[in-house]
Amino acid sequence: MTTDSTRKMKKLPIRTGSFILLAVWSLVVGFSLALSIKQAYRSVLLQAESEANGHFNKDTVYRRWASQYGGVYVPLSVSTPASPYLAHVPERDITTPSGLKLTLVNPAYMTRQVQELSMEQYGVRGHLTSLDTLRPGNEPDDWERKALLAFNRGTKLVSSVETIEGAPYLRFMRPFITEESCLGCHGHQGYKTGDVRGGISVSVPLAGYYAQRSEQVVWFAVGHLFLYLFGSAGIWFGARLLRMREQENRLAWESLTLDEDRFRSLLALSRKQGEEEIEVVAFALEEAVRLTGSQVGYFHFYDETLQSIKLSWWSKNVEAQCKVAGMEKEYALEKAGVWADCLRQRRPVIHNEYQNLPENKVCPTGDFPILRHIAVPVFDEEQIVAIIGVGNKKAPYREDDITQLSLYASSVWKIVKSKQAETAIQQRDQELQATFDQAAVGVAHVGLDGRWLRVNGKLCDIVGYAAEELMELTFQDITHPEDLDTDLGYVQKVLAGELQTYSMEKRYIRKDRSLVWINLTVSLVHDASGAPRYFISIIEDIDERKQGEEELRKLYAELEQRVAERTAALTEKAEDLSRSQQALQYLLEDVNEAKKELETKITEIERMNRVFVHRELRMVELKEKIRELEKKQDGSDPSDPEGKA
């Protein structure tokens, strides 16, 4: 969508578009001015029509009032003579007791006099007329006749602008409906209530209204002129702003295109995590050279403690022009030129005039020409671990090149660090696996439900099961019933946190159903959240020791019996001592013989104890070593539920 909009904008130059917009603006302002003038004219006509309607209503109200009383009596005068058209009315003329002569003024007579006064004071002409008039002066003119004929056809109002005596007037006329009070004067003409008996026309002079309209038109013109100038200025400034914005958009589009290219490159880099370290770094270095518009580049590891640079990778252009294979692999920071300033200053450094620098410009590649250069230190937390640099860009390097280079360096280091960690973990897992498999005692991982999760060969030898067979069982299945409750009690205490570890001697039932005595040491492994994961069990075969202890117990019993027998014999012989010296001599010999035999047995018991103590000490050392390795395994790989590194 953005691409299409940009293409459309390119098809229509901003200058041409500005002229088109100015022409459209001119038409809009002109149309608005014409519409305003027309509206002002209509407003004038509406005001004049409203005034005419007011005069009509006034005449109608006066006439209705007079009709209610059959007319009014007024003194006879030159301006109000007796009406010859009321001669048929009884008491048209009367004389008051005081001798004042009065004449009857009917509604029509009164309306005509009021209209004459309105003409004198306001210039508004009023005329009461009909198609059937009594008074010759009330005949309709041509305009009024047409209006009266329209009233007979049902028209309610007629209005138009006409010229009267060379001046513009708004002529307004509405029908006059016969009422009951009108029949007193006009009933003899055949009118009935509700008939259109005539009409009242009102002519309002428009000169004053036209003057008002002209003033409004002037103000409209001035206002629209200012509006036009303001809009034109806005169009000019808008066009200028658009040109500036177009330039900004062009730069933004270029930046967006570059950002998109960078994103795709980083995405491609992230997909290379499964490849070898040399391939990942080589790809990243070539991409950093390409995206910054450079020609050469390098990526070297750095030991901040020793301040030593390990020359690691060069871009293809450098390898093609220089013999990097024979270079020293270790490069002291103090020997490095300004290309390593980012390591000394611990921040990115740009050299856009590399050849003009007064400082040491020596680089590991010897005489390779460097015109421009940018270098960025790679941090692992607070420690510098590597340096990445590019050079010989045609245009000067900018801050966004630093951003690009830093982003790539950070991504590369994360992958390299991850691979180094994977290698270390693999080595440690191999060592742990070797210890697990080659231990002189049985070692096992046991699930919380008692199921064997992982066993070594020694444990299989002890119980007589193959590893696959044993892992189908639980420790409860091969524990002697007399020892099971004690073992489960210890397990519950460990799970409850009452014990960290426990040891006990118990009997396993071997595959051939024979019994074997073992010494069991158990500890619990937790995950990162502290939840129990599995047990580590150390199983020592003590069956031989148990057999020795049984033999020793029997020996002690036999010795005690013999001592008792000898003691009884000694007592008997002591009783016979007085009787026979020879018997005493025999007795002493028997005692000496028993003493020697007892000393021999005691010496044998002490020897066997020393052997057992020595074996116990070796077992304790071995258990401690296995526990230490298991703890390391658990800390390095908490996601392995079975501990199978």
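The values are calculated or read from the model by the stated rules, or taken from the named source; none is laboratory data. Because the structure is a prediction, the values reported are computed rather than measured. No Cβ is skipped: glycine too gets one built from the backbone with ideal geometry, and neighbour counts run over all protein chains shown. To get the accessible areas, we keep the full protein, side chains included, count just its heavy atoms, and leave off ligands, DNA and RNA. Shrake-Rupley method; radii C 1.70, N 1.55, O 1.52, S 1.80 Å.
Determine if segment 185-196 includes at least one residue that is modelled with pLDDT under 80 and on the phi > 0 side of the Ramachandran plot.
Looking through segment 185-196, at least one residue is modelled with pLDDT under 80 and on the phi > 0 side of the Ramachandran plot.
Val289 - would you say it is open to solvent by less than 20 Å² (accessible area, probe 1.4 Å), in a helix (DSSP H, G or I), of a type outside the set (Ser, Thr, Tyr) and in contact with a Lys or Arg (Cβ under 9 Å, 6 or more places away or on another chain)? Working first, answer last.
On the way: open to solvent by less than 20 Å² (accessible area, probe 1.4 Å): yes; in a helix (DSSP H, G or I): yes; of a type outside the set (Ser, Thr, Tyr): yes; in contact with a Lys or Arg (Cβ under 9 Å, 6 or more places away or on another chain): yes.
Yes: the conditions hold for Val289.
Pull up segment 520-566, narrow it to residues that are of a type in the set (Gly, Ala, Ser) and touching a strand residue (DSSP E or B) at 6+ places or on another chain (Cβ under 6 Å), then point me to the one that is nearest to Tyr508 (Cα to Cα). In this case the residue turns out to be Ser537.
With segment 383-500 as the region, which strands (runs of 3 or more DSSP E) entirely inside it contain at least 2 residues that are closer than 27 Å to Arg618 by Cα and touching a Ser or Thr at 6+ places or on another chain (Cβ under 7 Å)? Spell out the reasoning first.
Details: elements: 383-391, 442-446, 452-455.
So the answer is 442-446.
Only residues that are in contact with a helix residue (DSSP H, G or I) (Cβ under 8 Å, 6 or more places away or on another chain) and within 26 Å of Val218 (Cβ to Cβ) were counted in segment 46-94, giving 2. Out of the residues in segment 89-111 that are open to solvent by 40 Å² or more (accessible area, probe 1.4 Å) and in contact (Cβ under 8 Å) with a residue 24 or more places away in the chain, state the one that is nearest to Leu170 (Cα to Cα). The residue in question is Lys101. Of all the residues in segment 227-265, those that are over 23 Å from Ala288 (Cβ atoms) and charged (D, E, K, R) number 6.
Taking the criterion of being in contact (Cβ under 8 Å) with a residue 60 or more places away in the chain and over 30 Å from Phe56 (Cβ atoms), the residues of segment 193-237 that qualify are Phe220, Ala221, His224, Leu227, Tyr228, Gly231, Ser232, Ile235, Trp236.
Here are some residues: Leu405, Leu432, Leu448. Which one is surrounded by fewer than 18 Cβ atoms within 10 Å (Cβ to Cβ) and among the aliphatic types (A, V, I, L, M)? It would help to see each step written out before you state the result.
Values: Leu405 fails: surrounded by fewer than 18 Cβ atoms within 10 Å (Cβ to Cβ); Leu432 fails: surrounded by fewer than 18 Cβ atoms within 10 Å (Cβ to Cβ).
Only one candidate passes the filter, namely Leu448.
Evaluate segment 362-371: report whether one residue or more is open to solvent by 50 Å² or more (accessible area, probe 1.4 Å), modelled with pLDDT under 85 and not in a loop (DSSP other than H, G, I, E, B). No, there is no match, as no residue in segment 362-371 is open to solvent by 50 Å² or more (accessible area, probe 1.4 Å), modelled with pLDDT under 85 and not in a loop (DSSP other than H, G, I, E, B).
Just one of the numbered conditions (1) without any contact (Cβ under 8 Å) to a residue 60 or more places away in the chain; (2) of a type in the set (Lys, Arg); (3) within 20 Å of Met471 (Cα to Cα) is not true of Arg562; which one? Going through (1) without any contact (Cβ under 8 Å) to a residue 60 or more places away in the chain; (2) of a type in the set (Lys, Arg); (3) within 20 Å of Met471 (Cα to Cα) one by one, Arg562 breaks only (3).
What is the one condition in (1) touching a Ser or Thr at 6+ places or on another chain (Cβ under 7 Å); (2) surrounded by 14 or more Cβ atoms within 10 Å (Cβ to Cβ); (3) among the charged types (D, E, K, R); (4) over 17 Å from Asn138 (Cβ atoms) that Arg63 does not satisfy? Only one criterion is unmet by Arg63, namely (4).
Could you look through segment 121-138, keep only residues that are part of a helix (DSSP H, G or I) and modelled with pLDDT of 75 or more, and pick out the one that is least open to solvent (accessible area, probe 1.4 Å)?
Asn138
Among the residues of segment 435-445 satisfying the criterion of being open to solvent by less than 30 Å² (accessible area, probe 1.4 Å) and not hydrophobic (A, V, I, L, M, F, W, C), which is nearest to the chain's Cα centre (by Cα)?
The first filter runs over segment 435-445 and keeps only residues open to solvent by less than 30 Å² (accessible area, probe 1.4 Å), leaving 436, 439, 441-445.
Filter once more, so that each one left must be not hydrophobic (A, V, I, L, M, F, W, C): 442, 445.
Details: Gly442: 54, His445: 44 Å.
Checking each candidate, the answer is His445.
Among what's in segment 514-568 and is assigned to a loop (DSSP other than H, G, I, E, B) and within 60 Å of the chain's Cα centre (by Cα), pick the residue that is surrounded by the most Cβ atoms within 10 Å (Cβ to Cβ). Before you say what the answer is, go through the steps one by one.
At the first step, the residues of segment 514-568 found to be assigned to a loop (DSSP other than H, G, I, E, B) are 514, 527-531, 542.
Add one more test, that the residue is within 60 Å of the chain's Cα centre (by Cα), and what stays is 527-531.
Values: Asp527: 13, Ala528: 10, Ser529: 6, Gly530: 6, Ala531: 8.
By that ranking, first place goes to Asp527.
So, Lys506, is that one in contact with a Leu (Cβ under 8 Å, 6 or more places away or on another chain), surrounded by 14 or more Cβ atoms within 10 Å (Cβ to Cβ) and not in a loop (DSSP other than H, G, I, E, B) or not? Taking the combined requirement at face value, the residue satisfies it.
The residues listed here are Tyr69, Tyr41, Tyr62; of these, the one that is of a type in the set (Phe, Trp, Tyr) and farther than 19 Å from Gln113 by Cα is Tyr41. Pairs are defined by a Cβ separation below 8 Å, a sequence spacing of at least 6 or placement on different chains, a first member in segment 329-356 that is over 16 Å from Asp401 (Cα atoms) and assigned to a loop (DSSP other than H, G, I, E, B), and a second member that is open to solvent by less than 10 Å² (accessible area, probe 1.4 Å) and among the β-branched types (Val, Ile, Thr); the pairs so defined are Ala336/Ile309; Arg346/Ile384. Going by what's in this entry, would Leu306 be described as under 24 Å from Thr403 (Cβ atoms), modelled with pLDDT of 75 or more, exposed (fewer than 13 other Cβ atoms within 10 Å of the Cβ) and of a type in the set (A, V, I, L, M)? Spelling it out, it is not the case that Leu306 is under 24 Å from Thr403 (Cβ atoms), modelled with pLDDT of 75 or more, exposed (fewer than 13 other Cβ atoms within 10 Å of the Cβ) and of a type in the set (A, V, I, L, M).
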